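Undergrad: Have a look at this one.
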Amino acid sequence: MKAALLAVAALIAAPLSAQTIAFVGGTVAIGDGSAPMPGGTVLVRDGRIVAAGASVAVPAGATVIDAHGKWVAAGIVAGLTNLGLADSDGIEESNDTSADKSPFAAALDVSTAINPDGVIMAIERADGITSALVSPGTGGSIFAGQGAVITLGLGDPPVTRPRAFQYVELGEDGGKTAGGSRPAAYAMFRDALTEAQDYRRNAAGFGGRERGSLIKRGDAAALLPVIDGKMPLLVHVERASDILSVLALTHDYPQLKLVLVGATEGWMVARQIAAAHVPVIAAALADLPEQFERVAATESNVGRMEQAGVLVALSTVDASAPAQQRNLTQYAGNLVAISRVPGATGLDWGRAFATITSAPARALGLDGEIGSLRAGRRADVVLWDGDPLELASAPVAVYIGGRPQPMRTRQTELRDRYSTPGEGDLPKAYQH
């Protein structure tokens, strides 16, 4: 371990453009669905993956990280989160996830509000989260706005892809927002797309709400790339019948690039989802009928959808707030565990790990950029002291874009300060 720390110190001092790094001897978890490979090597040059596998040659002059006894894994991609938008969910002034009072909806762009210096960002990074799909929350419309893809690399510009997708609610929550029913939500959805097409035909004559339109000019402009299939449309639905209604939207809007979010009852219509080639960013372990739209919830949902040929990524959607992205490894590990339960359907280790690495990237068309240790991807590499999907394991080093990241957070500083306090270290309230 001492040799590895010395190598990390050398990397920090070296110019990034000159760095060639070899992680040698660890169990390599590529993140593409393949099984982990003991005794492998991951080679990084200039912040990109060169090769990963069991027989990778280490070039002369490379900085060698001894990973024997450890796991060398792809960085985790948080499937859908408000990371960077809220320093505290319960404090309105620090929370930019939604805009209930704004006249805008689809036009809202979360990339302008990402805070890379938030305390939560450092905690998640130290736990192996290297990228995230950041989504807005809905306010006064079924459209929440435009999400972004971010990196958690310290010192890097946080937003790697602004306006990466549009988010819309079309299940129970969408029905409530639209006026009280699902038909109202679909009517609002179709009218918004129709008005966006009107805006395309005559931008100068489009007057927005002051002329009877439901949406503003900015909203109309933001929906055009959705209609054209240039921007993915993430649709939050849970019920099987709602999923089929969403899939049917492509009959009228054939270029829509749909991604389902939640999909608790997706297993019931998994063949239809697979036939439509629509990815799912699923609620990880929704196994209780907490709402009417999730009556058929089962822990086997993800496994059954994967079995039918659906690309499934995990997320903390529907998890109790505040959603902690570092729990994604636990969710993926549970999918491996339930594969051993009679009558249940889970995933093998490689496919489970892919649900929190390459699958979220593939869902948004980013598979060539992040999410695995395949050649050409950004070198987001996490060294673990054991199996990443085991609760007892923890990262010992995190690299984003080939650069080592600090492993100290506010939590570790508070732990160290109060674990063995000295004279005057404790607040006065603790000294009496």
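The values are calculated or read from the model by the stated rules, or taken from the named source; none is laboratory data. Quantities reported herein were computed from a predicted structural model and do not represent experimental measurements. With ideal geometry, Cβ positions are generated from the backbone for all residues, glycine too; neighbour counts draw on all protein chains shown.
Undergrad: How many residues are surrounded by fewer than 23 Cβ atoms within 10 Å (Cβ to Cβ) and farther than 24 Å from G386 by Cα if we restrict to segment 59-84?
TA: Summing the residues that are surrounded by fewer than 23 Cβ atoms within 10 Å (Cβ to Cβ) and farther than 24 Å from G386 by Cα in segment 59-84 gives 4.
Undergrad: In the same structural domain as A296 (by TED's automatic domain parsing), closer than 23 Å to F104 by Cβ and either buried (at least 17 other Cβ atoms within 10 Å of the Cβ) or at pLDDT 95 or above (or both), is that true of V235?
TA: Here the answer is yes, as V235 does meet what is asked.
Undergrad: Can you find, within segment 373-417, the residue that is nearest to A67 (Cα to Cα) among those that are among the polar types (S, T, N, Q) and at pLDDT 95 or above?
TA: That would be S393.
Undergrad: For segment 176-206, which positions are of a type outside the set (S, T, Y) and touching a residue at least 24 places away in the same chain (Cβ under 8 Å)? Working first, answer last.
TA: Pass one, segment 176-206, residues of a type outside the set (S, T, Y): 176, 178-180, 182-185, 187-193, 195-198, 200-206.
Selection gives A178, R182, A185, M188, F189, R190, A192, L193, E195, A196, Q197, R200.
Undergrad: Oh, and also: Being under 28 Å from L373 (Cα atoms), small (G, A, S) and either surrounded by fewer than 21 Cβ atoms within 10 Å (Cβ to Cβ) or within 22 Å of the chain's Cα centre (by Cα) (or both): is that true of A144 here?
TA: no
Undergrad: What's the number of the only condition in (1) touching a residue at least 24 places away in the same chain (Cβ under 8 Å); (2) under 27 Å from the mean Cα position of the chain (by Cα) that K216 fails to meet?
TA: (2)
Undergrad: Within the bounds of segment 298-307, is there any residue that is within 30 Å of A187 (Cα to Cα) and either among the hydrophobic types (A, V, I, L, M, F, W, C) or outside the structural domain of A35 (by TED's automatic domain parsing) (or both)?
TA: Checked segment 298-307: at least one residue is within 30 Å of A187 (Cα to Cα) and either among the hydrophobic types (A, V, I, L, M, F, W, C) or outside the structural domain of A35 (by TED's automatic domain parsing) (or both).
Undergrad: Looking at segment 1-115, what strands (runs of 3 or more DSSP E) fall wholly within it and have at least 1 residues that are at pLDDT 95 or above, more than 22 Å from G371 (Cα to Cα) and β-branched (V, I, T)?
TA: 63-66
Undergrad: Scanning for something touching a strand residue (DSSP E or B) at 6+ places or on another chain (Cβ under 8 Å), assigned to a strand (DSSP E or B) and buried (at least 23 other Cβ atoms within 10 Å of the Cβ), does segment 292-307 turn up at least one residue?
TA: There is no residue in segment 292-307 that is touching a strand residue (DSSP E or B) at 6+ places or on another chain (Cβ under 8 Å), assigned to a strand (DSSP E or B) and buried (at least 23 other Cβ atoms within 10 Å of the Cβ).
Undergrad: Still on this structure, I have one more. Quickly run through segment 352-369 and pick out the residues that are farther than 14 Å from Y331 by Cα and hydrophobic (A, V, I, L, M, F, W, C).
TA: Matches in segment 352-369: A359, A361, A363, L364, L366.
Undergrad: Given A354, A332, A323, which one is touching a residue at least 60 places away in the same chain (Cβ under 8 Å) and closer than 19 Å to L152 by Cβ?
TA: Selected residue: A323, the only one of A354, A332, A323 that is touching a residue at least 60 places away in the same chain (Cβ under 8 Å) and closer than 19 Å to L152 by Cβ.
Undergrad: So if I check each of L247, L311, L258, L328, which one is over 22 Å from the mean Cα position of the chain (by Cα), modelled with pLDDT of 95 or more and not polar (S, T, N, Q)?
TA: L247 is the lone residue from the list that is over 22 Å from the mean Cα position of the chain (by Cα), modelled with pLDDT of 95 or more and not polar (S, T, N, Q).
Undergrad: Then there is this: Among the residues of segment 133-153, is there at least one that is part of a strand (DSSP E or B) and under 23 Å from G350 (Cα atoms)?
TA: Yes, segment 133-153 contains at least one residue that is part of a strand (DSSP E or B) and under 23 Å from G350 (Cα atoms).
Undergrad: Among A363, A344, which is the only one that is more than 24 Å from V119 (Cα to Cα) and within 16 Å of the chain's Cα centre (by Cα)? Walk me through it before giving the result.
TA: Values: A344 fails: within 16 Å of the chain's Cα centre (by Cα).
Testing whether each residue is more than 24 Å from V119 (Cα to Cα) and within 16 Å of the chain's Cα centre (by Cα) leaves just A363.
Undergrad: Turning to a different aspect of this structure: Quick one: how many residues across segment 340-368 are in a loop (DSSP other than H, G, I, E, B), in contact with a helix residue (DSSP H, G or I) (Cβ under 7 Å, 6 or more places away or on another chain) and crowded, with 17+ Cβ neighbours inside 10 Å?
TA: Total meeting the criteria: 6.
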